[in-house]
Amino acid sequence: MEQIITTLINGLSAGGTYAMIALGYTMVYGIAKMLNFAHGDVIMVGAYTIFIFFTMLGNPLIGLLIAVVLCMLLGITIERLAYRPLRGASPLAVLITAIGVSYLLQALAQIVFGADIKRPVFFDFGKISVFGLSIAVSTLITLIASAIIMVVLSLFVKYTRTGRAMIAVSEDRGAAELMGISVNKIIVITFAIGSALAAVAGFFMIWKAPSVSPTLGALPGIKAFAAAVIGGIGSLPGAMLGGILMGIVGAFSNSFEFTAPYTDAIVFAVLILILLVRPSGLLGKKRREKV
Amino acid sequence: MALLEVKDLSVYYGVINALKGVSFEVNEGEIVTLIGANGAGKTTAMQSVIGLIPSRSGSVIYDGKDITKMPCHKIVRLGMSQVPEGRRVFQELTVYENLMMGAYSVKASDASFKADIESIYERFPRLAERRNQIAGTLSGGEQQMLAMGRALMSHPKLLMLDEPSMGLSPLLVDQVFDIIKSINKDGTTILLVEQNAGKSLAISDRAYVLETGSIVLTGTGAELAASDEVKKAYLGG
């Protein structure tokens, strides 16, 4: 029993990180109507930024703050230079551009930082005992921080003027413009928020597993994208649910010796199963049209 | 003085010339209607004027300003508002939130925002009853009321309505035209696009007839309603 709860907490914590990345995918998909496959590589840039400032200053938190700002700027720049000129182009053109941006960032990172894996070890708080369970402090902090971020983001979207404008743009771009909403501005804000979340996710990833390389963001990016699809791409609660589900399935798979080597395969098998039953994802909506 | 002056406006969709140098004007306080068959370019003209569709040539002067190349959201802030074809209310938002979106472009105090909402509820009592309902669950008529209320929230000087009577029951159609008249009486200039030529000519000061991207006829509402060509083509004999 204790083992199960510990695994569940580990899963929730990993899931929180996936969810933060998945939110970036799903928000950009919902609002800019595109798959930003360079999103995972924004995590990587964030992770390098944190690594550099951690080595210089010995404090990863300052690095995190700088990484958040830098990733926001990076996200905005990518949108401005690569995606905005393609507004109205075919979805395939945008998709291939996003993949191009992804490889560009990876290649640049390799030129600047080299291909070797950097191993920054942040403060290790060890483990604490919660209700008799021994849990790593980093796991707990990741879990709590991602929960707070998700709640704040949900409230932001539901109750602020900008948040409602985001819903309006995701539903009907033309009607949003007719309200006086600058669609371009809302898309920029969306990229900025998504990229900031990616930087935070990058921090938690390398805190848990200290390994920074140019391809750091590739697999988590794909997994988080899958999480967003499981939840129903375009849906914020869906991305959270999908991410958490993915974390939990992964954690349980990892806890058994005979399934651990196949964790990634199992996670994607779950994706396929869910999509077979619910093609638009768990919380994805089938749009109703009214004439 | 002309509040809106459209000169030689041409719009292309790819190689298709949807609007071939259209000119018309709307004076302050008027109700002006563009009538015409499906595909004549009425919606294209409306959307191009408000900046949703780029024009290739020609000019649009609104309130003395050249807005030809201005993006839609900036034009809206100048006091132009549109009820788009098919209503296009925000389906996932409540009635109240939709009206809030309508006020997005105006920086109003809380008090004046509340007063605005109340005046919309007064004009459309149905919306008051359904204020917390998700807009996607409203009937077609209610959605039309909501789209009109939403467009009024920004206090437009010029309100454009694109096929507001489409798909509504005869009773509701009459109601919609009554509301348009009353909005105009309260001081808002109206540009209307309609397939229902009879009803719209009846409330119009002036009207233009669009045919395959060009204006072929113009006159007062009464003149056009009496003209043989209009009778034959749009009024069923």
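The values are calculated or read from the model by the stated rules, or taken from the named source; none is laboratory data. Quick caveat, the model's predicted, so the values are computed rather than measured. Cβ coordinates were reconstructed from backbone atoms using ideal geometry, including for glycine residues, and neighbour counts include every protein chain displayed.
Scanning segment B:57-105 for residues that are of a type in the set (Lys, Arg) and more than 10 Å from chain A (Cβ to nearest Cβ) turns up B:65, B:69.
At least 2 residues being under 25 Å from residue B:79 (Cα atoms) is the threshold, and among the strands (runs of 3 or more DSSP E) wholly inside segment B:118-237 those reaching it are B:158-162, B:189-194, B:206-211.
Could you tell me whether residue B:95 is at pLDDT 95 or above, β-branched (Val, Ile, Thr) and touching a Lys or Arg at 6+ places or on another chain (Cβ under 6 Å)? Outline the logic, then answer.
Numbers: at pLDDT 95 or above: yes; β-branched (Val, Ile, Thr): yes; touching a Lys or Arg at 6+ places or on another chain (Cβ under 6 Å): yes.
Against the criterion (at pLDDT 95 or above, β-branched (Val, Ile, Thr) and touching a Lys or Arg at 6+ places or on another chain (Cβ under 6 Å)), residue B:95 qualifies.
Only one entry of A:94, A:112 meets the criterion of being touching a Phe, Trp or Tyr at 6+ places or on another chain (Cβ under 9 Å), in a helix (DSSP H, G or I) and exposed (fewer than 12 other Cβ atoms within 10 Å of the Cβ), and that entry is A:112.
Tell me, yes or no, whether segment B:35-49 has at least one residue that is among the basic types (Lys, Arg), in contact (Cβ under 8 Å) with a residue 12 or more places away in the chain and away from every other protein chain (no Cβ under 14 Å).
Going residue by residue through segment B:35-49, those that are among the basic types (Lys, Arg) are B:42.
Right, trim to in contact (Cβ under 8 Å) with a residue 12 or more places away in the chain and you get B:42.
Applying the additional criterion that residues be away from every other protein chain (no Cβ under 14 Å) yields B:42.
Within segment B:35-49, one or more residues are among the basic types (Lys, Arg), in contact (Cβ under 8 Å) with a residue 12 or more places away in the chain and away from every other protein chain (no Cβ under 14 Å).
Within segment A:47-60, the residues that satisfy the criterion of being free of Cβ contacts under 8 Å to residues at least 40 places away in the same chain and part of a helix (DSSP H, G or I) are A:52, A:53, A:56, A:57.
Within segment B:19-26, none of the residues are buried (at least 21 other Cβ atoms within 10 Å of the Cβ) and either part of a loop (DSSP other than H, G, I, E, B) or hydroxyl-bearing (Ser, Thr, Tyr) (or both).
State yes or no: is residue A:44 part of a helix (DSSP H, G or I), within 12 Å of the chain's Cα centre (by Cα) and among the aliphatic types (A, V, I, L, M)?
Numbers: part of a helix (DSSP H, G or I): yes; within 12 Å of the chain's Cα centre (by Cα): yes; among the aliphatic types (A, V, I, L, M): yes.
Answer is yes for this residue.
Report whether or not residue A:149 is surrounded by fewer than 20 Cβ atoms within 10 Å (Cβ to Cβ) and part of a strand (DSSP E or B). Walk me through how you get there before you give the answer.
Working: surrounded by fewer than 20 Cβ atoms within 10 Å (Cβ to Cβ): yes; part of a strand (DSSP E or B): no.
It is false that residue A:149 is surrounded by fewer than 20 Cβ atoms within 10 Å (Cβ to Cβ) and part of a strand (DSSP E or B).
Looking across segment A:162-209, the residues that are touching a His at 6+ places or on another chain (Cβ under 7 Å) and either at the interface with another protein chain (Cβ under 10 Å from one of its Cβ atoms) or free of Cβ contacts under 8 Å to residues at least 24 places away in the same chain (or both) come down to A:177, A:180, A:181, A:182. Of the residues making up segment A:170-209, those that are modelled with pLDDT of 95 or more, β-branched (Val, Ile, Thr) and either more than 18 Å from residue B:106 (Cα to Cα) or in contact with a Phe, Trp or Tyr (Cβ under 7 Å, 6 or more places away or on another chain) (or both) are A:181, A:187, A:188, A:189, A:190, A:193, A:200.
Given the criterion surrounded by fewer than 22 Cβ atoms within 10 Å (Cβ to Cβ), touching a residue at least 40 places away in the same chain (Cβ under 8 Å) and within 26 Å of residue A:45 (Cα to Cα), identify the matching residue among A:219, A:236, A:271, A:275. First the steps, then the outcome.
Details: A:236 fails: surrounded by fewer than 22 Cβ atoms within 10 Å (Cβ to Cβ); A:271 fails: within 26 Å of residue A:45 (Cα to Cα); A:275 fails: within 26 Å of residue A:45 (Cα to Cα).
A:219 is the lone residue from the list that is surrounded by fewer than 22 Cβ atoms within 10 Å (Cβ to Cβ), touching a residue at least 40 places away in the same chain (Cβ under 8 Å) and within 26 Å of residue A:45 (Cα to Cα).
For segment B:121-138, which positions are of a type outside the set (A, V, I, L, M) and either in contact with a helix residue (DSSP H, G or I) (Cβ under 9 Å, 6 or more places away or on another chain) or away from chain A (no Cβ under 14 Å) (or both)?
B:121, B:122, B:123, B:124, B:125, B:126, B:129, B:130, B:131, B:132, B:133, B:136
Any residue at all in segment B:136-154 that's surrounded by fewer than 22 Cβ atoms within 10 Å (Cβ to Cβ), farther than 22 Å from residue B:44 by Cβ and in contact with a strand residue (DSSP E or B) (Cβ under 7 Å, 6 or more places away or on another chain)? No - not one qualifying residue is present in segment B:136-154. Looking across segment B:216-225, the residues that are of a type outside the set (Ser, Thr, Tyr) and out of contact with any Gly (no Cβ under 9 Å at 6 or more places or on another chain) come down to B:217, B:219, B:221, B:222, B:223, B:224. Scanning segment A:266-291 for residues that are modelled with pLDDT of 90 or more, farther than 14 Å from residue A:227 by Cα and not β-branched (Val, Ile, Thr) returns a single hit, A:276.
Condition check ((1) within 22 Å of residue B:40 (Cβ to Cβ); (2) out of contact with any helix residue (DSSP H, G or I) (no Cβ under 6 Å at 6 or more places or on another chain)) across all residues:
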position: B:170; (1), (2): no, yes
position: B:175; (1), (2): no, yes
position: B:187; (1), (2): no, yes
position: B:210; (1), (2): yes, no
position: B:214; (1), (2): yes, yes
position: B:225; (1), (2): yes, no
position: B:233; (1), (2): yes, yes
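For segment B:10-19, state whether one or more residues are away from every other protein chain (no Cβ under 14 Å), aliphatic (A, V, I, L, M) and out of contact with any Ser or Thr (no Cβ under 6 Å at 6 or more places or on another chain). Scanning segment B:10-19 turns up at least one residue that is away from every other protein chain (no Cβ under 14 Å), aliphatic (A, V, I, L, M) and out of contact with any Ser or Thr (no Cβ under 6 Å at 6 or more places or on another chain).
Residues in segment B:110-151 that are within 12 Å of residue B:96 (Cα to Cα), hydrophobic (A, V, I, L, M, F, W, C) and in contact with a Phe, Trp or Tyr (Cβ under 7 Å, 6 or more places away or on another chain): B:127, B:128, B:135.
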